[in-house]
1. Would you grab the residues whose amide H sits under 5 Å from the one on L177? Only those 5+ places off in sequence or on another chain, please, with H modelled 1.01 Å from N.
2. Over the range 201-265, what portion of Cα pair distances is larger than 18 Å, expressed as a whole percent?
3. Putting +1 on Lys and Arg Cβ atoms and -1 on Asp and Glu Cβ atoms, find which of A249, Q158, S68 reaches farthest to the positive end of the dipole of the chain.
4. Can you tell me how much longer the chain between W10 and V248 gets when fully stretched, taken as 0.36 nm per residue apart minus their C-alpha distance, in nm with one decimal?
5. Multiply the residue separation of E166 and R197 by 0.36 nm, subtract the distance between their alpha-carbon atoms, and state the gained length in nm to one decimal.
6. Please report, in debye to the nearest 20, how large the charge dipole of the chain is about its Cα centre when each Lys and Arg carries +1 at its beta carbon and each Asp and Glu carries -1 there.
7. Please list, in chain and number order, the residues 5+ apart from I29 or on another chain whose amide H is under 5 Å from its amide H, with Hs placed from the backbone.
8. Report, to one decimal in Å, the Kirkwood hydrodynamic radius for the range 151-230 based on all distinct Cα pairs.
Amino acid sequence: MGSRMAIANWLIDRIERWCADSDDKLVIIRSVGDLDRCLAPAGSVGVLIGVQGAHVLDGNLANVERLSKRGVRMFAPAHVMDNDAVGSGTGRTAGGLSGFGRELIAEIEAQGVIVDLAHMSVSGVTQTLPLLTRSFVLSHAAIREDRARPARLRGYSQATRNVPPEIAREVGARGGLFGIVLATQLLGGSSLNSAARMIRRLLELAGDDHVAIGSDMDGALKMLIDCEGLPALADTMLAAGFSETSIVAILGGNAARFLRSALPS
């Protein structure tokens with residue numbers, strides 16, 4: 001295919017074909033209007049296209065605009081490995097933002113795309129937060145416990161993928177959205193009560209309006225549930241003493257409000 005951008009365009013082409021073949025049951029969310037159409041009773045299933053990893057840009061910032069025109073509405077500069085823009089929490093060096101990375105953050109925002117802090121190193125997140133001027137998200141993570149240590153045989157662990165409490169607190173203070181990942185490996189437990197405990201901790205740190213259910217239900221990691229399991233999670237939260245108002249917000253209300261503030265009209 002010639003380049004990473006070519007691969008990205010090929011994947012977006014596939015999503016567009018799925019939507020075209022769906023008889024309007026599947027739509028790409030590019031705007032607030034598209035979002036409202038999906039959230040309406042008996043509405044379509046929405047696809048919000050996001051990209052992870054600045055390596056997709058092939059070193060060219062102009063590709064951010066090209067992706068935006070294709071319908072990309074969320075961009076995470078980091079993924080599982082370090083790249084030219086920023087270190088990954090699971091990368092070899094886990095360094096901070098480069099000069100190119102700083103330019104990238106500005107360009108993502110200039111194109112009206114949501115900055116996603118997921119997978120960034122702690123220093124990368126810390127250096128990025130003061131640069132943000134628009135709505136932003138940390139789409140799938142959890143809180144790192146003080147006792148967490150990197151896995152001996154694998155870099156992907158609570159110690160490298162989760163974030164310290166002060167980052168969750170800062171995300172909330174700056175008006176961002178923290179999406180809790182439901183991977184058993186990152187929650188430190190394999191029951192829905194593990195998720196309820198992590199959600200309660202995040203509410204304490206980030207605040208009631210800034211916590212949502214995160215992405216990553218793609219099978220790469222063992223998950224407690226997929227989307228069909230959300231009612232069971234709601235029941236667990238009710239039993240744990242969460243209010244119905246809080247559950248509605250966490251299981252969709254906060255995310256919908258966030259997207260309305262971040263998507264183009």
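1. Those lying under 5 Å, H to H, from L177 are F136, V137, L138.
2. Result: 44 percent of Cα pairs exceed 18 Å.
3. Q158
4. 82.1 nm
5. Result for the pair: 9.4 nm of gain on full extension.
6. That gives a dipole near 560 debye.
7. Long-range HN contacts for I29: V47, L48, I49.
8. 13.2
The values are calculated or read from the model by the stated rules, or taken from the named source; none is laboratory data. The shown structure was predicted, so the numbers you read here are calculated from the model rather than taken from an experiment. Using ideal geometry, Cβ is built from the backbone for each residue, glycine included, and neighbour counts are taken over all protein chains shown. Quick note on the areas: whole protein, heavy atoms, side chains included, nothing else; ligands and nucleic acids left out. Shrake-Rupley method; radii C 1.70, N 1.55, O 1.52, S 1.80 Å.
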